[in-house]
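Take a look at the structure set out below.
The values are calculated or read from the model by the stated rules, or taken from the named source; none is laboratory data. Given the structure is predicted, the values throughout are model-derived calculations rather than measurements. A quick note on method: Cβ atoms are made from the backbone with ideal geometry, for glycine too, and the neighbour counts reach across all protein chains shown.
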Amino acid sequence: MNSIEISTRPFTDQQPGTSGLRKKVQVFQQPHYLENFVQSIFNSLRHYRDKTLVVGGDGRYYNRHAVQVILRMAAANGFGKVLVGRGGLLSTPAASNLIRKYEAFGGIILSASHNPAGENGDFGIKYNIDNGGPAPEKITAAIHAASLTIDRYLTLDSRDIDLDTVGTQRLGDMQVEVVDAVADYAELMQTLFDFDRIHALINSGLFSMRFDAMHAITGPYAVEILENRLGVTPDTLLNCTPREDFGGGHPDPNLVYAKDLVDIMFTSQAPDFGAASDGDGDRNMILGRNCFITPSDSLAVLAANAHLTPGYRRGIAGIARSMPTSQAADRVAEKLGIELFETPTGWKFFGNLLDAGRVTLCGEESFGTGSAHVREKDGLWAVLFWLNLLAVRRESVADIISSHWQTYGRNYYSRHDYEAVDADGAGQLMARLRELNGNLKGKHFGGREVAYGDDFAYVDPIDGSSSERQGVRIGFNDGSRIVFRLSGTGTRGATLRVYLERYEADRALQHLDAQQALADLIRAAGEIARIPHYTGRDAPSVIT
Ligand code: G1P
Ligand code: ZN
């Protein structure tokens, strides 16, 4: 079957953000929009002829259509084979695993993560390289450059592939293999964690839990792993049938958007353990009875206890966290005598460190935790890791975190988001902070003295590439800090993120409400950045 060439004209807005290209569905539905971006990906790559590509997505509206488009274009562009999850579905970590396991050339993941889905929601697409991780900036920049000069794309005039039957089909000269989306991933989890021990805990009669898939991709993964292999009862699993519109919800596992689960967990009769994952399965939230574990603390606890699981029993090489993530993990790294890396926001910055074997665990405050087992953050992996710790330690989640703070101290932490504010105002706020921050040293805010102010820049220790302007940091003399940055994943206006952190070594003061414990810093942040003035908002829209 011959490929056909379609002429097109560039779109000027195809610059990938923190995690691929995310736009409203209607933007993707413009004629040639998706095709231009896919061809721009291929145009930025070399030597993929006859190689394998992995394709799948989080199942949101437009996923099925996009998979068919990509299959035809991959065939027309000369790929030898595409591995696609049944129904066009793959969680982000499962896609990363397939790329690695089957030594694919790369993968295309269709996801806008936790952003709302449906005809009026968001859609997204990103390219992952052969290590299974998000393309580094060098490649995303090349894709963007290609999108600005594109004048044609290649496709086939062919029927749709049957995506619902596992097996191999042909599309032109290319093989399409529809694979079970869950099996390889479940197998990988079984190599990392002690399923027998977790099974014993779950079936001990002394333990109860809930897992909320938020109507998104992790549903089938949770059914196979938690129910079929680990024996939880079906009523343990909430919202596990994926829907194209994610049930009209916002599948971001945090205290605001996973409210149903939070309500279940904050009662005296609550289950022992609660967890949720996001739209594409890479984020996680961990809860105990009346207890919320911040993602930054979760990373620190996993690092401190990794030796209790089969997959990490020989210890971990190092830890990486994104800059705005709290410094709780730093204290664990220090105690373990291992390296700690501070990277810019976004999982793509962990890839080189993982590939070089310098780190084993990675985490972001934005409910992302993961390890060297894939090159994406991994929601269910984090849930299984916690279950493994609970099965070994036989303590409550609340007791585990309290004893962690007793040993290491507590890093009070919170993120305040001002979502969908006016982009010009947000830009001015950041510009003013960048001007100010060099002159803040020595100034006082709410009883604290500013020790430094800078704009975070990162030089990758493996390949020497540098990334500037990654967030304004203001540090105080007592070690507390405030970080300001603008989101790179939003699709409406701008989102200002304010990250607040303060360390508390005194055991008697480690059980305050985080917002109260951070009240002075929250006030200082508003004052320094003049947030109401530039955003028109008196309060954040989301607090995590
Ligand atoms: C957000 C998070 C970031 C995460 C990214 C993709 O990016 O803050 O940690 O890697 O989503 O899940 P942001 O919108 O802040 O650019
Ligand atoms: Zn996600």
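At-a-glance table
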{"quantity": "Where a residue in the stretch 12-32 is closer than 16 Å to Thr489 by Cβ and its partner, wherever it lies, is of a type in the set (Lys, Arg) and surrounded by fewer than 20 Cβ atoms within 10 Å (Cβ to Cβ), with Cβ under 9 Å and at least six apart", "calculated": "Lys24/Arg492"}
{"quantity": "Residue among Ala117, Ala146 that is surrounded by 18 or more Cβ atoms within 10 Å (Cβ to Cβ) and within 16 Å of ligand 2 (Cβ to nearest atom)", "calculated": "Ala117"}
{"quantity": "Leading residue by the ranking (modelled with the lowest pLDDT) among those in the stretch 1-14 that are exposed (fewer than 15 other Cβ atoms within 10 Å of the Cβ) and in a loop (DSSP other than H, G, I, E, B)", "calculated": "Met1"}
{"quantity": "Sole exception among (1) out of contact with any helix residue (DSSP H, G or I) (no Cβ under 8 Å at 6 or more places or on another chain); (2) crowded, with 22+ Cβ neighbours inside 10 Å; (3) in a strand (DSSP E or B) for Val54, by number", "calculated": "(1)"}
{"quantity": "Odd one out for Val374 among (1) assigned to a loop (DSSP other than H, G, I, E, B); (2) at pLDDT 95 or above; (3) more than 16 Å from ligand 1 (Cβ to nearest atom)", "calculated": "(3)"}
{"quantity": "Scope the stretch 60-90; condition within 15 Å of Val178 (Cα to Cα) and in a loop (DSSP other than H, G, I, E, B); matching residues", "calculated": "Gly80, Leu90"}
{"quantity": "Test result for Pro242, within 29 Å of Tyr61 (Cβ to Cβ), more than 16 Å from ligand 1 (Cβ to nearest atom) and either in contact (Cβ under 8 Å) with a residue 24 or more places away in the chain or of a type in the set (A, V, I, L, M, F, W, C) (or both)", "calculated": "yes"}
{"quantity": "Gly107 in contact (Cβ under 8 Å) with a residue 24 or more places away in the chain, closer than 20 Å to Ala183 by Cα, buried (at least 24 other Cβ atoms within 10 Å of the Cβ) and more than 13 Å from ligand 2 (Cβ to nearest atom)", "calculated": "yes"}
{"quantity": "Residue selected from the stretch 1-49 under the condition within 16 Å of ligand 1 (Cβ to nearest atom) and among the hydroxyl-bearing types (Ser, Thr, Tyr), by the criterion nearest to Asp245 (Cα to Cα)", "calculated": "Ser19"}
{"quantity": "Unmet criterion (only one of (1) surrounded by fewer than 23 Cβ atoms within 10 Å (Cβ to Cβ); (2) of a type in the set (Ser, Thr, Tyr); (3) within 16 Å of ligand 1 (Cβ to nearest atom)) for Ser268", "calculated": "(3)"}
{"quantity": "Matching option when the condition is closer than 27 Å to Ile401 by Cβ and either within 16 Å of ligand 1 (Cβ to nearest atom) or not in a strand (DSSP E or B) (or both), among Tyr503, Tyr499", "calculated": "Tyr499"}
{"quantity": "In the stretch 421-458, residue modelled with the lowest pLDDT [restricted to those that are aliphatic (A, V, I, L, M) and crowded, with 18+ Cβ neighbours inside 10 Å]", "calculated": "Leu440"}
{"quantity": "Subset of the stretch 336-366 [within 16 Å of ligand 2 (Cβ to nearest atom), touching a Gly at 6+ places or on another chain (Cβ under 8 Å), not in a strand (DSSP E or B) and not β-branched (Val, Ile, Thr)]", "calculated": "Gly346, Trp347, Lys348, Phe350"}
{"quantity": "Hits in the stretch 50-104 - residues which are within 16 Å of ligand 1 (Cβ to nearest atom) and among the β-branched types (Val, Ile, Thr)", "calculated": "Thr92"}
